[in-house]
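Below you'll find the structure, written out as structure tokens, and then a few comments.
The values are calculated or read from the model by the stated rules, or taken from the named source; none is laboratory data. Note that the structure is a prediction, hence the values are computed from the model and not measured. Cβ placement follows ideal geometry from the backbone for every residue including glycine, while neighbour counts extend to all protein chains displayed.
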Amino acid sequence: KNQVEQSPQSLIILEGKNCTLQCNYTVSPFSNLRWYKQDTGRGPVSLTIMTFSENTKSNGRYTATLDADTKQSSLHITASQLSDSASYICVVIRRGGNNRKLIWGLGTSLAVNP
Amino acid sequence: NAGVTQTPKFQVLKTGQSMTLQCAQDMNHEYMSWYRQDPGMGLRLIHYSVGAGITDQGEVPNGYNVSRSTTEDFPLRLLSAAPSQTSVYFCASSYLTSGSGYNEQFFGPGTRLTVL
């Protein structure tokens, strides 16, 4: 069964600290993996898109890693800011299906406290 | 560019009522889709369209209709609202590719719907 599992479910950190969010998937065949940030009451916004051959991709203070062999991805947030408080959702796309074959995770809810 | 816009932002319906959720994009994207987001569940695809005049069902299409008369607009119709349709609805758009599905999706701000 195609699934995307994220951990932890929720996380609280202090402003300025780093954190890492995890994503494990069983989706096959694999096309690419995306991380989205969703602020409360808003739609998801894309942070990174990673293909099979990419191990690391950065977007400012966000760095995503992908291990296609173990089917794991992580999102590392450096020097967290209050504005990083949001839900972070991992999405895996099955090969051959364009955007209609997205398998969504449930997200990690991150709270950054002052 | 306004990106993807949705109206209304909030709506309360009574069981059995019908309504249309509006979605528009100004990026000339071929692909548009509707999702619903419920607590404890990932986003689920309701309907999608790969271009004007072409629509297809997603994962949870029952109780919803769509049409795509123009590239810009993709309204979602609730035919007879039920409490199970209480949810947050997101419209999204992207350029269309075949194969890898590499194109980034842009989401609207969402419509929060409550059916009593």
Unmet criterion (only one of (1) at pLDDT below 90; (2) in contact with a Pro (Cβ under 7 Å, 6 or more places away or on another chain)) for A:Leu102:
(2)
Having 3 or more residues that are within 21 Å of A:Ser46 (Cβ to Cβ) is the bar; report the strands (runs of 3 or more DSSP E) wholly within region B:19-108 that clear it.
B:19-25, B:31-37, B:44-51, B:87-94
Scanning region B:1-57 for residues that are farther than 13 Å from B:Ser87 by Cβ and acidic (Asp, Glu), the one modelled with the highest pLDDT turns out to be B:Asp26
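Residue by residue, here is whether (1) surrounded by fewer than 19 Cβ atoms within 10 Å (Cβ to Cβ); (2) within 10 Å of chain A (Cβ to nearest Cβ) holds:
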site	(1), (2)
B:Asp26	yes, no
B:Tyr31	no, yes
B:Trp34	no, no
B:Asp38	yes, no
B:Met41	yes, yes
B:Leu45	no, yes
B:Ala52	yes, no
B:Ser67	yes, no
B:Thr70	yes, no
Only one of these conditions is not met by A:Gln72: (1) farther than 18 Å from A:Lys1 by Cα; (2) touching a strand residue (DSSP E or B) at 6+ places or on another chain (Cβ under 8 Å). Which number is it?
(1)
Report the residue count in region A:30-62 for those that are β-branched (Val, Ile, Thr), within 7 Å of another protein chain (Cβ to nearest Cβ) and part of a loop (DSSP other than H, G, I, E, B).
0
